[in-house]
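Inspection log for the structure reproduced underneath, given as structure tokens.
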Amino acid sequence: MTAHPFHRADFATTAAEWRQLPRDGAPEVAFAGRSNSGKSSAINVLTQRKRLAYVSRTPGRTQHINFFRLPSGALLADLPGYGYAAVPAAMQRQWRGFLARYLTERSTLVGLVLVMDARHPLTELDLRMLGWFVPTGRPVHALLTKADKLSPAEQRRALREARSVIERDFGDAQVSIQLFSAEAHIGIPEAENAVGAWLAVHAPIAAAQKERPRHQGE
Ligand code: GDP
């Protein structure tokens, strides 16, 4: 049995601008989603750390990327929830610039997990995230969360409809999609496999990183 890829993650650092991003070359998977989509719950259940993704979610910190370090040395990047109306427009613009640059230019970013509420996925903002990231040629794995709130028939329909929107807008891009529930533990192995596969491909970088002394202050 191989070691679990996500357990024992720890808070590493936080970044509000480009120069604050970790620079040790470790492969990184980003989690994006609207506020209240269930992104924190998904990260917490995947890492089996009850409060990991809540720790630095305090007011004023809503525009930061929080980084969690996995035992392999790889990073999970928790992007701030978007679509939160209370954020002033000027701040939203500045943030959008950073996020767009992060998604398009961050060289160590190996894939994006897009977290969406299964009851209303692929909103305009979700599509904008995909519009930035998909052209980079890197894979996306979408989680339709809170699936426990849907009946089995509604779950199948949500999955089918989301797949058809992705296909319509992004053709045969590498976008996989699944049902998920942090609460009812639906789809956890599937999500672990998808993200674990991205990190396994990049394992040599992670292994090299692990052998060096860990300077996490960046
Ligand atoms: P975030 O803002 O995207 O980080 O979302 P949170 O993880 O904080 O979740 C937002 C709300 O949705 C909270 O009240 C959670 O308890 C609830 N929630 C998250 N995941 C699930 C789930 O899988 N099922 C159900 N029923 N509720 C969930």
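Evaluating kT/(6 pi eta Rh) at 25 °C and 0.890 mPa s, with the Kirkwood radius of the chain over Cα pairs in the Stokes-Einstein relation, gives 140 µm² s⁻¹.
Using R0 = 22 Å, the C-beta based FRET efficiency linking Phe11 and Glu192 works out to 0.60.
For the chain, a simple Cβ point-charge model (Lys and Arg +1, Asp and Glu -1, everything else neutral) yields a dipole of about 440 debye relative to the Cα centre.
How much net charge surrounds Asn44 when only the other residues with a Cβ under 9 Å from the Cβ of Asn44 are counted, with Lys and Arg +1 and Asp and Glu -1? Taking every Cβ under 9 Å from that of Asn44, the sum is +3. The separation of the range 1-44 from the range 186-201, counted between C-alpha centres, amounts to 14 Å. For the range 10-210, the tally of Lys pairs with Cα-Cα distances below 18 Å comes to 4, considering only residues 8 or more apart or on different chains. Using a Gaussian network model of the chain in which every pair of alpha carbons under 10 angstrom is joined by a spring, one finds that among Gln94, Gln155, Gln48 the greatest mean-square fluctuation is at Gln94. Each of Leu112, Pro135, Thr145 was scored by the projection of its Cα onto the charge dipole of the range 1-157, and the greatest displacement toward the positive side belongs to Thr145; charges sit on the C-beta of Lys, Arg, Asp and Glu.
All of the numbers you see were taken from the coordinates with simple rules; none came from a lab. Keep in mind that what you see is a predicted model, and the values were worked out from it rather than measured. Because the Cβ atoms are built from the backbone with ideal geometry, glycine has one as well, and the counts that use them run over all protein chains shown.
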